[in-house]
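Below is one structure, written out as structure tokens; comments come after it.
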Amino acid sequence: MAHKYTDARPAIPADLRRAVSVESGHACAIARCGEHTYLEVHHINGNRGDNRHENLILLCDKHHKMAHAGLIDRKAVAEYKAALRRDHHAALAERVARLEELLKAHPAPGTHDLVARVAQAKDGDAGIPTLSYASGAQLSALTLEQLALTRFERQRKVSLFRSVQVRSGDVRLQLDALFRAPEGQHDLVVEVRWLRKRYLDAPVWARQVAAATDAYSLFTGRPTRGVLIFVTPARPWAKVADLDSTSQELSRLENPPEVVVYNYDELGFTPAAMSADLLRSTQTSTSSDDPSPDNAG
């Protein structure tokens, strides 16, 4: 006999309800049911106040009533939930792995040279300290990224979360920036790529953003669009049409990102200036630290 509730059920937050729906593919969680129209969130342990994700499962009206009547017992429902979680986790891992392969094969320009060492210890001199700092290319890439994101915020009148990590269990997704939209609107996954030279234009940048957007959408179940910001040296690159490889790839992608192009003048920063200053600073530091006869005390 179905249990009759007399107390009001605590509301399930929209993000939690969405996560439960995404986990089961917006369909009844009972294997081979396939119903995706009349769906309800069921509390596996029977406690309507326990709104933990692991206690919630999406069922059609028929199977929801059967669960409450005991025709589908709690252990069986819990096993359906466990199977859903395994499948969803595997799908997330596959999407993130696909993105990581793209990033590994084609690192964002300016980010692959992370650290420059200017004082290496000799063999056997483990006690001698070494000096490490970010390379000029890395500093320039980080500076341009932040300036580009700030300009995008001002133009679109939005506030971005930066250096975002989305996590589910041991699966992690790293994003340059994210706009978390109000309910009913699209979130924005925003990635920045620095095209120092025109030949760096390539289809892979749009693919990376499309893959990141796809993975984020699966993580959260939220409607999402991708934005690819290119930072370029010259004003003639102001239009996406000037980037042949990217334009062609956008026409091939199922969910292509929006592409925005900013140049150095628009951002008020020229990377060459920082690189030159850093090089002069490095040369000065290394010459003063050089234990040559001329500098020996």
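The values are calculated or read from the model by the stated rules, or taken from the named source; none is laboratory data. Source: prediction; values computed, not measured. No Cβ is skipped: glycine too gets one built from the backbone with ideal geometry, and neighbour counts run over all protein chains shown. These area figures cover heavy atoms from the full protein model, side chains too; ligands, DNA and RNA do not enter into them. Shrake-Rupley method; radii C 1.70, N 1.55, O 1.52, S 1.80 Å.
Determine the per residue accessible area of region 198-243 with all protein chains present and a 1.4 angstrom probe, expressed in square angstrom. Write out the running numbers ahead of the final one.
Numbers: 1710 Å² over 46 residues.
Spelled out: the 1.4 Å probe surface of region 198-243, per residue, equals 37 Å².
A Förster distance of 45 Å, applied to the separation of the beta-carbon atoms of THR37 and LYS197, puts the FRET efficiency at 0.25. Working note: Debye formula, equal point scatterers on the alpha-carbon atoms of region 13-79, no solvent; log10 I(q)/I(0) at q = 0.15, 0.16, 0.21 Å⁻¹ is -0.40, -0.46, -0.81.
Quick check: residue separation of LYS62 and ARG18 times 0.36 nm, minus the Cα distance between them. What number comes out in nm?
On the way: separation 44, 0.36 × 44 = 15.84 nm, distance 2.07 nm.
Gain on stretching LYS62 to ARG18: 13.8 nm.
Expressed as a whole percent, the accessible area of region 10-93 that falls on carbon and sulfur atoms is 54 (1.4 Å probe). Between GLN248 and SER132, the modelled labels are 4.0 nm apart [label points 7 Å from Cα along Cα→Cβ]. Per-peptide packing, taken as the mean over residues of other Cβ atoms within 10 Å, places 62-69, 33-40, 200-207, 9-16 in the sequence 200-207, 62-69, 33-40, 9-16 from highest down.
Suppose the chain between LYS157 and ALA82 were pulled fully straight at 0.36 nm per residue; how much longer would it get relative to their current alpha carbon spacing?
Numbers: separation 75, 0.36 × 75 = 27.00 nm, distance 4.19 nm.
Full-extension gain reported as 22.8 nm.
Net length available on complete extension from ASP50 to ALA272 is 74.2 nm, with 0.36 nm assigned per residue and the Cα-Cα distance removed.
Could you compute the FRET efficiency for ARG98 and ALA241, with r as their C-beta to C-beta distance and R0 at 22 Å, rounded to 0.05? Write out the running numbers ahead of the final one.
Working: r = 28 Å, r/R0 = 1.28.
With R0 = 22 Å, the Cβ-Cβ based efficiency is 0.20.
Within region 38-115, count lysine pairs with alpha carbon atoms under 21 angstrom apart where the residues are 8 or more positions apart or belong to different chains.
Numbers: LYS62/LYS75; LYS62/LYS81; LYS65/LYS75; LYS65/LYS81.
The number of close lysine pairs in region 38-115 is 4.
Projecting the Cα atoms of TRP205, ALA215, ALA177 onto the charge dipole of region 156-255, computed from C-beta unit charges around the Cα centre, puts ALA177 farthest toward the positive end. A 1.4 Å probe run over region 1-107, with the rest of the protein chains in place, finds 61 Å² accessible per residue.
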